[in-house]
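This report refers to the structure that appears directly beneath it.
The values are calculated or read from the model by the stated rules, or taken from the named source; none is laboratory data. Remember, predicted model here, so these are calculated numbers, not experimental data. Note: ideal-geometry Cβ built from the backbone for every residue, glycine included; neighbour counts use all protein chains shown. The area values use the complete protein model at the heavy-atom level, side chains included, leaving out ligands, DNA and RNA. Shrake-Rupley method; radii C 1.70, N 1.55, O 1.52, S 1.80 Å.
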Amino acid sequence: MSRRRRIYEGKAKILYEGPEPGTLVQHFKDDATAFNRKKHAQIEGKGVLNNRICEFIFQHLNAIGVPTHFIRRLNMREQLIREVEIVPLEVVVRNVAAGSLAKRLGMEEGTQLPRSIIEFYYKSDELDDPLVSEEHITAFGWATPQEIDDIMALALRVNDFLTGLFLGCNIRLVDFKLEFGRQFEGEMMRIVVADEISPDSCRLWDMESGEKLDKDRFRRDMGGLVEAYQEVARRLGVLSGSEQQSPPRGPVLVQ
Ligand code: TMP
Ligand code: ASP
């Protein structure tokens, strides 16, 4: 049991008060939801895998100078993060037509886009996260024009990094969602990557077979979600040999 103060509970994560001012603990649950909670399940082992995959990606982003809220992993399900003020946008970067873009524009899933496309969705469960333009964002004060510039530049750097990272594991990065936060340091404010990057928030297709290695397996009732996330972790080198064999039962063994 935890006596820590719970700051926020989302669909797949909980934020607790951190050990020092300006920090939080981000806890990854096993819950999977889709279509704004219309679909919900517990998928044993998902939280542990996402914590590890997210740690791996955020550590690398920090190392190449893309600022993130990530400080360090604490245990199997938790990481220490910097407290930030979340910009109320879901920022989607797309390289290949899929999901809502394919549907909206009548494109065949899998069509390579002429260039990477960034989309903004306003974070609102009541409204089902509607697609919005930069005009809406600045007019309603969700972010300033400078912040939008920073967000777009960071989103493209994350895309370049992740595309290469996954290419090296024979995985096609189709699209992914980012969230950003304002980190305050005295008088200074900077935009950092926040929330998570994991197979919950990306579309990842095996380069040869096209097999889906992401949350679409849950959204589309395909099954095998934990096995797919394990495969991503294995290819990234996040899981050691003995952990690759059996699907997780209860807590997964991590190094
Ligand atoms: P979409 O095609 O459904 O708009 O999704 C685009 C990308 O964003 C895809 O990689 C999944 C991710 N995503 C989230 O992480 N959270 C969400 O709530 C939605 C709708 C999509
Ligand atoms: N995360 C969103 C939900 O829980 C939607 C999604 O990822 O498909 O409904």
| note | Of the listed residues (159, 170), the one being at pLDDT 95 or above and either within 16 Å of ligand 2 (Cβ to nearest atom) or under 27 Å from residue 24 (Cα atoms) (or both) is 159
| query | Can you tell me which residues in segment 1-49 are among the aromatic types (Phe, Trp, Tyr) and over 24 Å from residue 234 (Cβ atoms)? | reply | 8, 16, 35
| said: Filter segment 158-214 down to the residues that are within 12 Å of the chain's Cα centre (by Cα), assigned to a helix (DSSP H, G or I) and among the β-branched types (Val, Ile, Thr) and list them by number. | reply: 158
| request: Considering only residues that are surrounded by 16 or more Cβ atoms within 10 Å (Cβ to Cβ) and within 16 Å of ligand 2 (Cβ to nearest atom), look in segment 220-237 and name the one that is farthest from residue 172 (Cα to Cα). | output: 225
| message | Take residue 103 and tell me if it is within 12 Å of ligand 1 (Cβ to nearest atom) and in contact with a Pro (Cβ under 6 Å, 6 or more places away or on another chain). | response | no
| message | Quick check on segment 1-26: of everything there that is assigned to a strand (DSSP E or B), open to solvent by 20 Å² or more (accessible area, probe 1.4 Å) and not aromatic (Phe, Trp, Tyr), which residue is farthest from ligand 2 (Cβ to nearest atom)? | response | 17
| request: Could you please find all residues in segment 66-114 being under 22 Å from residue 34 (Cβ atoms), hydrophobic (A, V, I, L, M, F, W, C), touching a residue at least 24 places away in the same chain (Cβ under 8 Å) and open to solvent by less than 60 Å² (accessible area, probe 1.4 Å)? | output: 89, 91, 92, 93, 96, 98, 101
| request: From the list 117, 151, pick out the single residue that is part of a helix (DSSP H, G or I) and among the aliphatic types (A, V, I, L, M). | output: 151
| Complete set of residues in segment 27-56 that are more than 8 Å from ligand 2 (Cβ to nearest atom), open to solvent by 10 Å² or more (accessible area, probe 1.4 Å) and assigned to a loop (DSSP other than H, G, I, E, B) | 29, 30, 43, 44
| said: Against the condition under 30 Å from residue 211 (Cβ atoms) and touching a strand residue (DSSP E or B) at 6+ places or on another chain (Cβ under 7 Å), how does residue 96 come out, does it pass? | reply: yes
